[in-house]
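Everything on this sheet refers to the single structure shown next.
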Amino acid sequence: MKRKLLSTLFITGLLATSSVYAQNDFKLEKTTLSAGYAQVKMAGQNPMHGGVFSIRQEINSQFGVLATATYAQNEYDLNKPINTFFKDVNARYYSVMAGPTIRLNDFISVYGTAGMSQIQFKSQSSELKKLKKNAFSWGAGLIINPAEMVSISLGYENSRFKFKDADSKIILDGFVANIGYRF
């Protein structure tokens, strides 16, 4: 699944930049590469920790395209079963999203993203050894450029997973913070 997620991110970035190059007199503005920290919280559980990578291509002085990839994981113990169908598990979360950015002024931009996420549960002590589920995910955030070559991003992402064995949905809320180089 990692290959699918990375392929989706690559294709999204390729399509976003290739459509921009289609216009002869069009010149791309700045590109930003960012990496940082992700914390994803599942209701009633300790948060998963991981990283986020993003690439932003500014199409003109006001609009741009942002693509992000997030990974987080944590191990949960027997004392807090996840929706009573999985105990003593290693949980992993992946997401790949893309969306528009809008520059509000020289220092601040906002973004919205949508894409796909996946949650994986692996257990050695349960009858369910491995379980994967894909879902729609979305995010929003703020990008601050304190200097021309520096970018700081703060954002939120959300995914909702429905399993056959569980009566309710598993809702994941994520906080991402990254710093990047703008060139």
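The values are calculated or read from the model by the stated rules, or taken from the named source; none is laboratory data. Not measured: the values here are computed from a predicted model. Ideal geometry is used to build each Cβ from the backbone, glycine not excepted, and the neighbour counts take in all protein chains shown.
Residues that are at pLDDT below 95 and touching a strand residue (DSSP E or B) at 6+ places or on another chain (Cβ under 6 Å) occur in the range 154-161; there is at least one.
Of all residues being among the aliphatic types (A, V, I, L, M) and closer than 16 Å to A114 by Cβ in the range 129-177, which is nearest to the chain's Cα centre (by Cα)? Just the residue, please. Among them, the one singled out is V176.
When the residues of the range 45-59 are filtered to those that are farther than 17 Å from G112 by Cα and more than 14 Å from the chain's Cα centre (by Cα), the one that is modelled with the lowest pLDDT is Q45.
For the range 127-162, the set of residues classified as of a type in the set (G, A, S), in contact (Cβ under 8 Å) with a residue 24 or more places away in the chain and more than 19 Å from I102 (Cβ to Cβ) consists of A135, S137, S159, listed by residue number. Would you please name the residue that is nearest to S159 (Cα to Cα), looking only at residues in the range 99-131 that are at pLDDT 90 or above and buried (at least 21 other Cβ atoms within 10 Å of the Cβ)? Checked the range 99-131; the qualifying residue nearest to S159 (Cα to Cα) is S117.
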